[in-house]
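Q: Next up is a structure, given as structure tokens.
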Amino acid sequence: MNKKVSDSKKENVDWDVVNDFGTEWEEFQFDSYDLNVLRETWDQYFNIFPWENISEDSEGFDMGCGSGRWAQFVIPKVGRLNCIDPSSAIYVAESNLKKYENAFFYKETVDECSLENESQDFGYSLGVLHHIPDTQKAIKDCARKLKKGAPFLLYLYYDFEDKPALFKLIWKLTDLLRLNVISKLPPSIKKIICSIIAIIIYYPLARFSRLLEIFGINVENLPLSDYRNKSFYIMNNDALDRFGTKLEQRFSKKDITNMLKNSGFHKITFSNKTPYWTCISYKA
């Protein structure tokens, strides 16, 4: 198998969503991020990953790799990383990661992935499978590629089950705006609107949370507090990611646990840090 990108067929995929994300990752290149800040965000996801079970001979996959911003930190630690994405972002990842001989790229959907079943020593999918019509099926498709005992790191948007009622109400109002207005706009206008949202909402609220934290105030239940130490570039990117997509699903910890168990995973552990919910599980 070589580094050339292969095509995929449509099944468990919304191509409008795929194309939107392809456009997004062509615009937001990870080389424009502060590498230290990006690594800190990567650490938020991977702080529960069992690196002690992974060696320089291990082969795994990044399902929905986007521009390769997380893959860049994984590749030096493993023998081979298979980067998979159905959008044009796969070409961005291929360019960004071209210096790595052990990175391989597939323009494929999760359900049409050509990796052999039970061939992978590990896998991860971060912020992707909640944008797929049938998330449960997508998790099962990931499971099929893993060897018995292989770890699988998963991040899915959570449904704010532990947040106050006011927090949930604010999110619901913004979600109506996303679903009925912003996500339906032409790409160029959508980008402008999301940048405005980042400027007038994300940035002020994030910096206000940082100020409160300096004075010893717990900010965990404040909207957008997770961005308090992050750059505006990340906020701008994530505003487009959040408001620009037509398909977004959210799950409780119980929902995610059940989907993983139904897919043949066990020993499920959730991170107690943001972003929620990030969890590690193992192929039974």
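Q: Mind checking which helices (runs of 4 or more DSSP H) fall wholly inside the range 172-284 and carry at least 3 residues that are at pLDDT below 90? Break it down into steps so the answer makes sense when it comes.
A: On the way: elements: 187-197, 203-214, 232-244, 253-262.
Because the criterion is at least 3 residues that are at pLDDT below 90, the helices (runs of 4 or more DSSP H) in the range 172-284 that meet it are 232-244.
Q: Please tell me if Ile199 is assigned by TED's automatic domain parsing to the domain that holds Met235 and surrounded by fewer than 17 Cβ atoms within 10 Å (Cβ to Cβ). First the steps, then the outcome.
A: On the way: assigned by TED's automatic domain parsing to the domain that holds Met235: yes; surrounded by fewer than 17 Cβ atoms within 10 Å (Cβ to Cβ): yes.
Spelling it out, Ile199 is indeed assigned by TED's automatic domain parsing to the domain that holds Met235 and surrounded by fewer than 17 Cβ atoms within 10 Å (Cβ to Cβ).
Q: Can you say whether Ile90 is in contact (Cβ under 8 Å) with a residue 24 or more places away in the chain, of a type outside the set (Ser, Thr, Tyr) and more than 21 Å from Thr274 (Cβ to Cβ), as far as the supplied structure shows?
A: Taking the combined requirement at face value, the residue satisfies it.
Q: Residue by residue through the range 98-113, note down the ones that are within 17 Å of Met63 (Cβ to Cβ), at pLDDT 95 or above and in contact with a helix residue (DSSP H, G or I) (Cβ under 6 Å, 6 or more places away or on another chain). Walk me through how you get there before you give the answer.
A: So in the range 98-113, the residues within 17 Å of Met63 (Cβ to Cβ) come out as 103-113.
After this cut, where a residue has to be at pLDDT 95 or above as well, the list is 103-110, 113.
Across the range 98-113, the qualifying residues are Ala103, Phe105, Lys107, Val110.
Q: On to the next question. Report whether or not Gly216 is farther than 20 Å from Thr41 by Cβ, small (Gly, Ala, Ser), surrounded by 15 or more Cβ atoms within 10 Å (Cβ to Cβ) and more than 21 Å from the chain's Cα centre (by Cα).
A: Numbers: farther than 20 Å from Thr41 by Cβ: yes; small (Gly, Ala, Ser): yes; surrounded by 15 or more Cβ atoms within 10 Å (Cβ to Cβ): no; more than 21 Å from the chain's Cα centre (by Cα): yes.
No; evaluated as a whole, the condition is false for this residue.
Q: Given the range 34-132, what strands (runs of 3 or more DSSP E) lie entirely inside it while holding 1 or more residues that are touching a Pro at 6+ places or on another chain (Cβ under 6 Å), surrounded by 24 or more Cβ atoms within 10 Å (Cβ to Cβ) and assigned by TED's automatic domain parsing to the domain that holds Cys142? So that I can check it myself, show each step before the final result.
A: Details: elements: 59-63, 80-84, 103-106, 122-126.
Strands (runs of 3 or more DSSP E) meeting the threshold: 122-126.
Q: Can you tell me which residues in the range 133-149 are assigned to a helix (DSSP H, G or I) and touching a Phe, Trp or Tyr at 6+ places or on another chain (Cβ under 7 Å)? Talk me through it step by step, then tell me what you get.
A: Taking the range 133-149 and keeping what is assigned to a helix (DSSP H, G or I), we get 135-145.
Residues satisfying the conditions are Cys142, Ala143, Lys145.
The values are calculated or read from the model by the stated rules, or taken from the named source; none is laboratory data. What you see is a predicted model, and the numbers here were worked out from it, not measured in a lab. No Cβ is skipped: glycine too gets one built from the backbone with ideal geometry, and neighbour counts run over all protein chains shown.
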